[in-house]
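Following: one structure in structure tokens, then a few remarks.
The values are calculated or read from the model by the stated rules, or taken from the named source; none is laboratory data. Note that the structure is a prediction, hence the values are computed from the model and not measured. Neighbour counts are summed over all protein chains in view; Cβ atoms, including those assigned to glycine, are modelled from backbone coordinates with ideal geometry. Only protein heavy atoms, including side chains, enter the accessible area calculation; ligands, DNA and RNA are left aside. Shrake-Rupley method; radii C 1.70, N 1.55, O 1.52, S 1.80 Å.
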Amino acid sequence: MMTQYWSVDETNEAAAALAAGGIVAFPTETVYGLGGDAGNTQAVRRIFEAKGRPSDNPLIVHVEDVPAAMRLAKQVSDLERLLMEAFWPGPLTLVLPVREGVVSSLVTAGLDTVAVRVPAHEVARELIAASGRPIAAPSANRSGRPSPTLATHVRGDLDGRIDGLLDGGPTGVGLESTVVQVVGDRIHILRPGGVTREMLRQAVGERAVVDGADSQAAESAASQEQAPRSPGVKYAHYAPQGELLLVAGNPADMIAAVQAQVAEAKARGLRVGVLACAEHAPRYEADAVLDFGSRSEPEAAAQSLYALLRECDERGLDFIVAEGYDERGIGAALMNRLRKAAGGRVLQV
Ligand code: AMP
Ligand code: MG
């Protein structure tokens, strides 16, 4: 298959390809998505095939505005409506009871719910509006690889496997959307992301915001037994080819621990990299030291994480030691992705 490459002033051509059942990668404010007509089973099947995505992992449907989202849901509660008004357009995905027949059952992986969001990226909104239909779009990477934050990442993973790529430059947040599900008067965070726990709490006042089973806080909380789960969270994600070790804890104690891990791996003859904040980076000696930006700006680390993980592969690193961040604000999503990239290898200092 020949992949077509479009600039943002060719958005209408990308929209026409979507309307005709094609699968097209496009920028959003989180990461690049791989879109297809959510009502077209053939198009949706091709998304799963192009990514190599397991068929039991449902897709997020992207729509242009709140009314379009309402058309996909069987019903919407006051609290869900409040979240839509507060955070759309933006990086918040709501899991809603699905209205029968509005999307292909491949999109929902046969569940009775559908995940929906309105992206804030101008190009994405224009594309969706011009296509005239809800667009199912997971991240535009091969399954298991870091999500793409640049068009070149998409090209590297999916060239020849998709119909087109709309190049909108680098994405904004750099991590995926926050996925939530409202149960009664509680908001369960199924996956942390661009909209933080603190932002949710501020918007809904005294109402409960509950960390989902995918967060560190929830792993130890017995009260989570009844919590809803997201099918996708069980899969390995975001991993570089080398082995990644996450060092978490007090930043002042991190440097010695990271140095010791690097030395040990070097002694085993490995090609070793470090992912560190700008303040610590000059202290390390390794085959590659990649810089997350200042520790005072975790947004910068979120923005650069996936590109840095891909750079680890390009540099042929066998072993990567990554510094952890504080779990406040966007730091919760950043640490969630780092723990996944580490496949559970976490050294607490
Ligand atoms: P991705 O598109 O790769 O960013 O992943 C989408 C995430 O949303 C995955 O973790 C999915 O499991 C989750 N998701 C999509 N649809 C649903 C749904 N109906 N219920 C719960 N989680 C969902
Ligand atoms: Mg993904």
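Taking the stated definitions as given, is Val103 free of Cβ contacts under 8 Å to residues at least 40 places away in the same chain, more than 15 Å from ligand 2 (Cβ to nearest atom) and β-branched (Val, Ile, Thr)? No.
In this structure, Leu309 does not satisfy being in a loop (DSSP other than H, G, I, E, B), of a type in the set (A, V, I, L, M) and open to solvent by less than 20 Å² (accessible area, probe 1.4 Å).
If you go through region 159-172 and keep only what is surrounded by fewer than 23 Cβ atoms within 10 Å (Cβ to Cβ) and over 24 Å from Ala301 (Cα atoms), you end up with Asp159, Gly160, Arg161, Asp163, Gly164. In region 1-98, counting only strands (runs of 3 or more DSSP E) that sit wholly within it, the ones holding 3 or more residues that are out of contact with any helix residue (DSSP H, G or I) (no Cβ under 7 Å at 6 or more places or on another chain) span 4-7, 92-97.
Only one of the numbered conditions (1) without any contact (Cβ under 8 Å) to a residue 60 or more places away in the chain; (2) closer than 30 Å to Asp78 by Cβ; (3) crowded, with 24+ Cβ neighbours inside 10 Å is violated by Val183, and that is (3).
For region 314-336, the tally of residues that are open to solvent by less than 30 Å² (accessible area, probe 1.4 Å) and either outside any helix (DSSP H, G or I) or under 17 Å from Leu150 (Cβ atoms) (or both) stands at 10. Tell me, yes or no, whether region 32-46 has at least one residue that is open to solvent by 40 Å² or more (accessible area, probe 1.4 Å) and either in contact with a strand residue (DSSP E or B) (Cβ under 7 Å, 6 or more places away or on another chain) or of a type in the set (Lys, Arg) (or both). Yes, the conditions are met somewhere in region 32-46. When only residues in region 146-158 that are within 16 Å of ligand 2 (Cβ to nearest atom) and of a type in the set (A, V, I, L, M) count, which is nearest to Asp9 (Cα to Cα)? Step by step, filter region 146-158, then rank; the result is Leu150. Glu49 meets the stated requirement of being surrounded by fewer than 17 Cβ atoms within 10 Å (Cβ to Cβ) and under 22 Å from the mean Cα position of the chain (by Cα). Is it the case that some residue within region 15-24 is within 16 Å of ligand 2 (Cβ to nearest atom) and buried (at least 20 other Cβ atoms within 10 Å of the Cβ)? Scanning region 15-24 turns up at least one residue that is within 16 Å of ligand 2 (Cβ to nearest atom) and buried (at least 20 other Cβ atoms within 10 Å of the Cβ). Looking across region 134-145 at every residue that is surrounded by 22 or more Cβ atoms within 10 Å (Cβ to Cβ) and at pLDDT 95 or above, the one that is farthest from ligand 2 (Cβ to nearest atom) is identified as Pro134. State all residues of region 99-132 that are touching a helix residue (DSSP H, G or I) at 6+ places or on another chain (Cβ under 7 Å), open to solvent by 10 Å² or more (accessible area, probe 1.4 Å) and assigned to a loop (DSSP other than H, G, I, E, B); if no residue qualifies, say none. If the condition is that a residue be touching a helix residue (DSSP H, G or I) at 6+ places or on another chain (Cβ under 7 Å), open to solvent by 10 Å² or more (accessible area, probe 1.4 Å) and assigned to a loop (DSSP other than H, G, I, E, B), then Leu106, Ala109, Gly132 are the ones that fit. State all residues of region 210-258 that are open to solvent by 50 Å² or more (accessible area, probe 1.4 Å), among the polar types (S, T, N, Q) and either modelled with pLDDT under 95 or within 23 Å of Ala307 (Cα to Cα) (or both); if no residue qualifies, say none. Residues satisfying the conditions are Gln216, Ser220, Ser223, Gln226, Gln241. Across region 37-57, a minimum of one residue is classified as within 29 Å of Gly184 (Cβ to Cβ), out of contact with any Gly (no Cβ under 7 Å at 6 or more places or on another chain) and within 16 Å of ligand 2 (Cβ to nearest atom). Quick one: how many residues across region 259-284 are of a type in the set (Val, Ile, Thr) and either assigned to a helix (DSSP H, G or I) or open to solvent by 60 Å² or more (accessible area, probe 1.4 Å) (or both)? Total meeting the criteria: 1.
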